[in-house]
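Below is one structure, written out as structure tokens; the observations come after it.
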């Protein structure tokens, strides 16, 4: 079993010199890249959520730039046969203060890409944003009682952007199946991810970058996801979503939503905030 262990923050507190040690470099992904797909492959992530660019016109501003943290894990757990097709189950779980949730997705890996065929839940939101009772958060005419709900709406591709009422106990099929990663990895390549209602999603390979995560260095392909909302020919500029993938799978994810409107208990607009979610790889285990 191959295990990549990451030096933790707590070890650095005990051994202050650990930050000076050379980092491990992953093999560069290339045209032969395939996402780690063996049963038992597991990833353990940390998450950070915080607000930036707070522009609140109120003497009793409840919002701060404090960083809130969480943790999650993901793994390929088994195969299943659906309609004579063998698909691999991918479980993704996340825990935060007072809340935990999980999703299951069904994948197949082909020469053309990593393809998702179905899912049990699309609750991909990582956000342990601190509650702010009584305030409403609005982005593009969609209003929410919490930033967690707002990020859940836009993070999950389906949640809120379609007419489905999602349940962990109901299997939903992607029609057509969606290409999560396209092979080969070619910088500048953009492909249709999916269409949900009047929103089109695309993904694009931007460039390769050296990416640090929890004391290790990875050579990653950087991917941006775009939202073309309300049949627009231009992507939404205030939704900024990046994934970073190496031979160890997903190393980092950054998702920023800009210019979120904040209203008070009376429904009055009191200002704007930007919010950001980050997830980063701590440990990768490959059988």
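Among what's in the stretch 175-186 and is within 14 Å of residue 246 (Cα to Cα) and over 19 Å from the mean Cα position of the chain (by Cα), pick the residue that is surrounded by the fewest Cβ atoms within 10 Å (Cβ to Cβ). Of everything passing the filter in the stretch 175-186, 186 is surrounded by the fewest Cβ atoms within 10 Å (Cβ to Cβ).
Do we have residue 95 as at pLDDT below 85 and either in a strand (DSSP E or B) or on the phi < 0 side of the Ramachandran plot (or both) here? Before you say what the answer is, go through the steps one by one.
Working: at pLDDT below 85: yes; either in a strand (DSSP E or B) or on the phi < 0 side of the Ramachandran plot (or both): yes.
Criteria met by residue 95.
Annotation note: Cβ proximity below 7 Å between a residue of the stretch 177-189 that is at positive phi and a residue that is part of a loop (DSSP other than H, G, I, E, B) and surrounded by fewer than 19 Cβ atoms within 10 Å (Cβ to Cβ) (sequence gap 6+ or interchain) occurs for no pair.
The values are calculated or read from the model by the stated rules, or taken from the named source; none is laboratory data. Quantities reported herein were computed from a predicted structural model and do not represent experimental measurements. In this analysis, Cβ positions are derived from the backbone assuming ideal geometry, glycine residues included, and neighbour counts consider all displayed protein chains.
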